[in-house]
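Every read-out reported here was derived from the displayed coordinates using simple, explicitly stated rules and does not represent laboratory data. Note that the structure is a prediction, hence the values are computed from the model and not measured. Using ideal geometry, Cβ is built from the backbone for each residue, glycine included, and neighbour counts are taken over all protein chains shown.
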Amino acid sequence: MELLTSLACCALVMTGLWLWQIRSKRADWVDAAWAVLIGLQAIGFAVVGDGAVEKKLLGALLAVTWSSRLAAHLIQRLSGHEGEDGRYQTMREHFGAKANPFFFLFFMVQALVAWLFALPAWVVVNDPSAAVDVWLIAGVAVWFISLAGESLADRQLVAFKADPASKGKVCRVGLWRYSRHPNYFFEWLHWFSYPLVAVGAPNQWVAWLGPVVMLIFLYRVSGIPYTERQSLKSRGEAYREYQRTTSPFIPWPPRN
């Protein structure tokens, strides 16, 4: 029952946000709302879950820390924009008069995806085992590495964009030298922490939805395709050269 209630709440929130974007032309706030919804659902699942207290706390911790960090970063970035983020401008331009119907479908998909991404936390908080084993330690280690990597990538990009000398250039600083989207890579890596922590738990297979669905979205839906289209539009040949020499996702030494 809590799963259906959670899904309905996600759809309601996204419907309200879609109505607001019709007037504001700021569909980009769906990213922050998506991140917040995952953390809130994890808290709700932990409150009503039937798992061991230790797993309830751990499941909520994994999801809420990731959700809070990402939401805070997105809110800060979006608040500094006078207009809509370029990725969503590209979508709006592409669909033209059909933009609002498209965004309604997009927002409903985001509601569904926010619900799907909360399910790994649901698996963890309903795990009756309080045992500390090698899988739990590995899951926490993956969570820590991914959170640190994504935070570092975001800070490096923010610092690069804040430098007036960087205008029109491509960020090749730090992690961005080895991947065109290191923030996306570490975001994807984060979702492996749940199936590792949930090894042996009831419905463990559900926890694998996180990394699988996230990879599909980053590579085929709302992540890399629209981001790179906007980067090519704004940086032209400099970004094409970046594409030729730098790994699109997994950090790897650049090609000559």
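For the reader, a short list of remarks on this structure follows.
- The chain: relative contact order in percent, alpha carbon pairs under 8 Å with at least 6 residues between: 22 percent
- Prolate/oblate/rounded label for the stretch 35-74 (Cα gyration tensor, a/c 1.5): oblate
- For a paramagnetic label modelled on R155 (point 7 Å from Cα along Cα→Cβ), amide N atoms under 20 Å away belong, within the stretch 48-75, to 65-75.
- Maximal additional length on extending the A162-W252 stretch stands at 29.8 nm, based on 0.36 nm per residue less the C-alpha distance.
- Here is the list for the stretch 36-113: GluC sites (Glu not before Pro) lying in DSSP coil, each with at most 13 other C-beta atoms within 10 angstrom of its C-beta, are E82.
- Lysine pair number, Cα distance threshold 19 Å (strictly under), the stretch 2-245, separation 8 or more or different chains: 5
- Note that the stretch 79-167 shows a convex hull volume over its alpha carbon atoms of 148 Å³ per residue.
- Size of the stretch 1-129 as Cα extents on the principal axes (Å, biggest first): 52, 29, 19
- Quotient of Cα Rg and 2.2 N^0.38 Å for the stretch 2-245, N being how many residues it contains: 1.05
- Rg and Dmax of the stretch 195-256, both derived from C-alpha coordinates alone, stand at 16.7, 51 Å.
- Mean-square fluctuations from a GNM of the chain, with a 10 angstrom spring cutoff on Cα atoms, peak among A27, A46, A97 at A97.
- Extent along principal axes [Cα atoms of the stretch 108-242; Å; largest to smallest]: 54, 31, 21
- Computed [θ] at 222 nm, helices only, for the chain once each DSSP H run of length n ≥ 4 contributes -39500 (n - 2.57): -23000 deg cm²/dmol
- Here is what passes the span test in the chain: the DSSP H helices with alpha carbon length of 24 Å or more along the helix axis and a Kyte-Doolittle mean of 1.6 or above are 30-48, 99-125.
- The stretch 156-200 shape via C-alpha gyration tensor axes, a/c threshold 1.5: prolate
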